[in-house]
1. Of everything in the stretch 118-148, what is more than 11 Å from the ligand (Cβ to nearest atom) and in contact (Cβ under 8 Å) with a residue 40 or more places away in the chain? Give them in sequence order.
2. Among the residues of the stretch 94-109, is there at least one that is within 16 Å of the ligand (Cβ to nearest atom) and in a loop (DSSP other than H, G, I, E, B)?
3. Kindly check whether there is at least one residue in the stretch 20-41 that is part of a loop (DSSP other than H, G, I, E, B), within 16 Å of residue 89 (Cα to Cα) and free of Cβ contacts under 8 Å to residues at least 40 places away in the same chain.
4. From the list 115, 74, which residue is more than 14 Å from the ligand (Cβ to nearest atom) and either part of a strand (DSSP E or B) or within 17 Å of the chain's Cα centre (by Cα) (or both)?
5. Does residue 60 satisfy the condition of being farther than 26 Å from residue 191 by Cα and either away from the ligand (no atom under 12 Å from the Cβ) or within 18 Å of the chain's Cα centre (by Cα) (or both)?
6. Scan the stretch 15-33 for residues that are more than 13 Å from the ligand (Cβ to nearest atom) and either surrounded by fewer than 19 Cβ atoms within 10 Å (Cβ to Cβ) or at pLDDT below 95 (or both) and report the count.
7. Residue pairs, Cβ under 9 Å, 6 or more apart or interchain, first in the stretch 162-184 and at positive phi, second within 11 Å of the ligand (Cβ to nearest atom). List them.
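The values are calculated or read from the model by the stated rules, or taken from the named source; none is laboratory data. What you are looking at is a predicted structure, and each value in this text was computed from that prediction instead of being measured. Methodologically, a virtual Cβ is constructed for each residue, glycine included, from the backbone with ideal geometry; neighbour enumeration extends over all protein chains shown.
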Ligand code: GRF
């Protein structure tokens, strides 16, 4: 029984790559990546998808300026691929409640901090790591959580802490956190795919 995964991306796609590598290593459980949806036509994640033979579609603000239309297009793409599980992997747009509700309990996001620390609206990318350094926290990390109607507020599925080192820059901390992301996202997706498979095959 395959759990069909659509991955939403906007940027470099290193988290997508971690998922693809895990799938190739047989470490994604019943999960199979069947589609990549990019919010950015220039995302290097699209190159990674192409190199791996994964169908990809661009649904961006340029082609879909109206957010409601854009979200309807995303929902159509997810359904057209018979998606069982949605992964937001470096995806930078906020999804509409309609899309979130359609995949409640079956949509996950990766956040580059230890939620509930340093998260919420506007907390993404280097802003997160700058906030961690400014706060004086001794550690940061990565979080995989279910997506609900809030921003970074869904149930936490997996976290990994990393130390903040003396002399860390936002960039050096980001790199350490990103390595943790690449470890826990495939683990969390595999576990959720296993759980979903059990519900689909009672
Ligand atoms: C990562 O820091 C991730 O936490 C955030 O987007 C950044 C880039 O991810 N959501 P990727 O390389 O595009 O997967």
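1. 130, 132, 133, 146, 147, 148
2. Quick first cut of the stretch 94-109, residues within 16 Å of the ligand (Cβ to nearest atom) only: 94-95, 107-109.
In the following step, the residues that additionally are in a loop (DSSP other than H, G, I, E, B) were identified as 94-95.
There is at least one residue in the stretch 94-109 that is within 16 Å of the ligand (Cβ to nearest atom) and in a loop (DSSP other than H, G, I, E, B).
3. So in the stretch 20-41, the residues part of a loop (DSSP other than H, G, I, E, B) come out as 25-30, 39-41.
When the remaining residues are screened for being within 16 Å of residue 89 (Cα to Cα), the result is 28, 39-41.
Among the residues that remain, those that are also free of Cβ contacts under 8 Å to residues at least 40 places away in the same chain are: 41.
Within the stretch 20-41, one or more residues are part of a loop (DSSP other than H, G, I, E, B), within 16 Å of residue 89 (Cα to Cα) and free of Cβ contacts under 8 Å to residues at least 40 places away in the same chain.
4. On the way: 115 fails: more than 14 Å from the ligand (Cβ to nearest atom).
Going through 115, 74 in turn, just one is more than 14 Å from the ligand (Cβ to nearest atom) and either part of a strand (DSSP E or B) or within 17 Å of the chain's Cα centre (by Cα) (or both): 74.
5. On the way: farther than 26 Å from residue 191 by Cα: yes; either away from the ligand (no atom under 12 Å from the Cβ) or within 18 Å of the chain's Cα centre (by Cα) (or both): yes.
Judged against the criteria, residue 60 is a match.
6. Residues that pass the stated criteria total 5.
7. From residues that are at positive phi, there are no pairs.
For (1) within 21 Å of residue 88 (Cβ to Cβ); (2) part of a helix (DSSP H, G or I); (3) more than 16 Å from the ligand (Cβ to nearest atom), each residue gets a yes or a no:
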site: 159; (1), (2), (3): yes, no, no
site: 166; (1), (2), (3): no, no, yes
site: 172; (1), (2), (3): no, yes, no
site: 180; (1), (2), (3): yes, yes, no
site: 183; (1), (2), (3): yes, yes, no
site: 186; (1), (2), (3): yes, yes, no
site: 189; (1), (2), (3): yes, yes, no
site: 192; (1), (2), (3): yes, yes, yes
